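The values are calculated or read from the model by the stated rules, or taken from the named source; none is laboratory data. Since we're looking at a predicted model, the values are computed, not measured. Here the Cβ is made from the backbone with ideal geometry for all residues, glycine too, and neighbour counts use every protein chain on show. With ligands, DNA and RNA removed, areas are computed over all heavy atoms of the protein, side chains included. Shrake-Rupley method; radii C 1.70, N 1.55, O 1.52, S 1.80 Å.
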Amino acid sequence: MDRLASFGNDPFDKPPCRGCSSLLTEPYIKCAECGPSPFLLCLQCFTKGFEYKKHESDHKYEIMTSDFPVLESGWTAQEEMALLEAVMDCGFGNWQDVAYQMRTKTKEECESHYMKNFIHNPLFSSTLLSLRKTKDSRFAEGAIPFKPTDDPPRPTFDSVLSRDMAGYMPARADFMEEFDNYAEWDLKDIDFVEDDSDILRALKLSVVDIYHSRLRERQRRKKVIRDHGLINLRKFQMLERCYPKEVQELYDVMRRFARVVGPIEHDKFIESHALEFELRREIRRLQEYRKAGIKSFCSAKVYERAKRMREEERRKRTMLCDVLQYIQDGRACQQWLSKQAAIDAGITPAVTTITVSATGRRSAPPLNLTGLPGTEKLNEREKELCQVVRLVPGAYLEYKQALLNECRRQGGLRLAQARALIKIDVNKTRKIYDFLIKEGYITKA
């Protein structure tokens, strides 16, 4: 098979002629002394005695052709390869299409030759059986393979399922938009002609090599996506949620290294880390029990119940401290405490009213200006304004100077102009504007 691998029908499988850079067609010449990369020449360049670098015209050579029988007389190696490629393209059993693609054999000849030499041949059948056993053993530890008889989903364009699968079309095993989708544009205007100079021909071949590298990268990305199950992103995210938060963070960090290892190795690494996390957490819990003097699991249950009660009490005290921090009205605080005491005693509390703002929300406490920069530059009325509107002195002085400059430039200032000049809450802007008008700093337009 190694010998036949270089005799494919596809001319792109072989390097071009080193003399004229044309695609090689059989028969062609291979230098037997130049290496390790094959030095190939077409018949025209060989007859002209083409020489290049270390290659000389008197070197030993081999005539490369696949015009010889392999399995039985009447079928050349080139026709054998053409038959296998046609079966791969058209599918097993479509012998009419296979014969049409080959053009040298009839439908009956293709079917009988393929069944005789590739299906019922003991040599090939044993090889295929061993390959199938190897494949089954490899899949035994991994995911369930996709069965060709299953009908894959066919999401419509721009549907929710299509967006979730990133445009992947399972029926074609392809994406609607490929990686580096416009890589073919660089080749659309390239044409190899005989009168091209060596530099121009080398540049064109370099462009083709770059295109081939892009195709390889595209196939590599597809393989990573398929192997690791990254097509259905929503399903993949749901599987991640089964891990603790710390393991999910590791999953996000290590996802970029999934392309280096296989999917099974990557999943085993994450699962082993999750197991390690669970073991460490269990060890810390047992160490906590030992530190508390607990020697039995029955005592551990009592300890956990008491611990939860302590946490609940601590949470209630923290909530009460937060409430008392923001309630400045002593009367409202006393009413709230009386209500909570009545609830704890099982008595229906009397309906009390706590002062709220006109919008139905509790008003915020005044801003404490102690230690804030710029406070010493404010008078008492300006300090009171900053406390009510909860504006730091530095920002207030900046807004005040901007409004004064605009009023001095235009001879007056309107509220709409002030709001356009100061990009803060409109209610705060109105209070600042009214204060400056009242104090005589600015005048209305």
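Which ones in segment 374-396 are touching a helix residue (DSSP H, G or I) at 6+ places or on another chain (Cβ under 6 Å), among the hydrophobic types (A, V, I, L, M, F, W, C) and within 15 Å of residue 429 (Cα to Cα)? Once the filter is applied, which keeps residues that are touching a helix residue (DSSP H, G or I) at 6+ places or on another chain (Cβ under 6 Å), among the hydrophobic types (A, V, I, L, M, F, W, C) and within 15 Å of residue 429 (Cα to Cα), segment 374-396 yields 385, 386, 389.
Pairs are defined by a Cβ separation below 7 Å, a sequence spacing of at least 6 or placement on different chains, a first member in segment 264-292 that is modelled with pLDDT under 90, and a second member that is in a loop (DSSP other than H, G, I, E, B) and open to solvent by 80 Å² or more (accessible area, probe 1.4 Å); the pairs so defined are 264/141. Taken over segment 103-122, the criterion of being at pLDDT 85 or above and aliphatic (A, V, I, L, M) is satisfied by 115 alone.
Residues of segment 56-78 that are farther than 17 Å from residue 119 by Cα and acidic (Asp, Glu): 56, 58, 62, 67. Residue 266 versus (1) within 42 Å of the chain's Cα centre (by Cα); (2) exposed (fewer than 12 other Cβ atoms within 10 Å of the Cβ): which is the lone unmet condition? Result: residue 266 passes all but (2). Taking the criterion of being charged (D, E, K, R) and either in a helix (DSSP H, G or I) or buried (at least 17 other Cβ atoms within 10 Å of the Cβ) (or both), would at least one residue in segment 68-83 satisfy it? Checked segment 68-83: at least one residue is charged (D, E, K, R) and either in a helix (DSSP H, G or I) or buried (at least 17 other Cβ atoms within 10 Å of the Cβ) (or both).
Among residues of segment 416-431 that are within 15 Å of residue 401 (Cα to Cα), none has a beta-carbon under 8 Å from a residue that is basic (Lys, Arg) and open to solvent by less than 70 Å² (accessible area, probe 1.4 Å) at least six positions away or on a different chain.
Just one of the numbered conditions (1) open to solvent by 90 Å² or more (accessible area, probe 1.4 Å); (2) within 47 Å of the chain's Cα centre (by Cα); (3) at negative phi is not true of residue 390: (3).
Between 420, 350, 342, the distinction of being open to solvent by less than 70 Å² (accessible area, probe 1.4 Å) and either under 30 Å from residue 316 (Cβ atoms) or at pLDDT 85 or above (or both) belongs to 342 only. Restricting attention to segment 277-300, the residues that are open to solvent by 100 Å² or more (accessible area, probe 1.4 Å) and of a type in the set (Val, Ile, Thr) total 0.
Assessment of segment 301-321 against the conditions (over 46 Å from the mean Cα position of the chain (by Cα), at pLDDT 65 or above and open to solvent by less than 100 Å² (accessible area, probe 1.4 Å)) yields at least one matching residue. Mind checking whether some residue in segment 395-402 is surrounded by fewer than 14 Cβ atoms within 10 Å (Cβ to Cβ) and farther than 21 Å from residue 373 by Cα? No, that holds for no residue. Only one of the numbered conditions (1) buried (at least 18 other Cβ atoms within 10 Å of the Cβ); (2) touching an Asp or Glu at 6+ places or on another chain (Cβ under 8 Å); (3) farther than 30 Å from residue 46 by Cα is violated by residue 101, and that is (1).
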